[in-house]
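The values are calculated or read from the model by the stated rules, or taken from the named source; none is laboratory data. Values in this document were obtained by computation on a predicted structure and should not be read as measured data. Cβ atoms come from the backbone with ideal geometry, glycine included; neighbour counts cover every protein chain shown.
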């Protein structure tokens, strides 16, 4: 039997705080004509997580859950490995991410992920949304009451800040100004015309091979 080489799929990492619109953009990519897009990321990872390990990889910046740290490191490693495996089998991947390292102590999960994605085409997309719109989306989804005060919105502010640190992207969107379909179209145009993405590795320089968290 003759083996046929499989072209590597594209990886688009949609990074931003919860309710910024990452999932809607990923769905718009899936609805676009052409090669199929697989969605993987924090949303899917949390759906498969046992209740007593939640929020798992969705732990908010500043979340005091040191008991979850070993699980978070392992699950992020598995998630990045899964993204890489899909791409190496020729499938395009849209990964939703609220990337931060604001744990009680830095875990380096995204620097480790950068090493796991080495050699793959990765476009790092910043998904922005103004705080008032984020808060309204959270109210519409039932996460905030209409009377939510400063104490409730502080974690949302922390997400806004930490998810976009250090803020290096190949392409950026404000979802209060552009529809998911428009964002998806801009991504597809960028993938077709270039240049290739470099921002993910600049934002999260991979761990040196001597570091204990590199893939084994």
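Residue-by-condition table, conditions (1) at pLDDT 95 or above; (2) more than 24 Å from residue 166 (Cα to Cα):
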{"position": "3", "(1), (2)": "no, yes"}
{"position": "7", "(1), (2)": "no, yes"}
{"position": "10", "(1), (2)": "yes, no"}
{"position": "14", "(1), (2)": "yes, no"}
{"position": "26", "(1), (2)": "yes, no"}
{"position": "29", "(1), (2)": "yes, yes"}
{"position": "43", "(1), (2)": "no, no"}
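For the range 50-71, state whether one or more residues are in contact with a strand residue (DSSP E or B) (Cβ under 6 Å, 6 or more places away or on another chain) and part of a loop (DSSP other than H, G, I, E, B). Taking every residue of the range 50-71 in turn, none turns out to be in contact with a strand residue (DSSP E or B) (Cβ under 6 Å, 6 or more places away or on another chain) and part of a loop (DSSP other than H, G, I, E, B). When residues in the range 106-134 are screened for being in contact with a helix residue (DSSP H, G or I) (Cβ under 7 Å, 6 or more places away or on another chain), closer than 11 Å to residue 20 by Cα and at pLDDT 95 or above, 1 of them pass. Does the range 16-36 contain any residue that is assigned to a strand (DSSP E or B) and closer than 22 Å to residue 170 by Cα? Within the range 16-36, not a single residue is assigned to a strand (DSSP E or B) and closer than 22 Å to residue 170 by Cα.
Of the residues that make up the range 91-98, is at least one closer than 27 Å to residue 191 by Cβ, assigned to a loop (DSSP other than H, G, I, E, B) and out of contact with any helix residue (DSSP H, G or I) (no Cβ under 7 Å at 6 or more places or on another chain)? Yes; the residues of the range 91-98 include at least one that is closer than 27 Å to residue 191 by Cβ, assigned to a loop (DSSP other than H, G, I, E, B) and out of contact with any helix residue (DSSP H, G or I) (no Cβ under 7 Å at 6 or more places or on another chain). Scan the range 45-62 and tell me whether some residue there is touching a residue at least 60 places away in the same chain (Cβ under 8 Å), at negative phi and over 18 Å from the mean Cα position of the chain (by Cα). Within the range 45-62, none of the residues are touching a residue at least 60 places away in the same chain (Cβ under 8 Å), at negative phi and over 18 Å from the mean Cα position of the chain (by Cα). Of the numbered criteria (1) assigned to a helix (DSSP H, G or I); (2) surrounded by fewer than 20 Cβ atoms within 10 Å (Cβ to Cβ); (3) out of contact with any helix residue (DSSP H, G or I) (no Cβ under 8 Å at 6 or more places or on another chain), the one residue 172 fails is (1).
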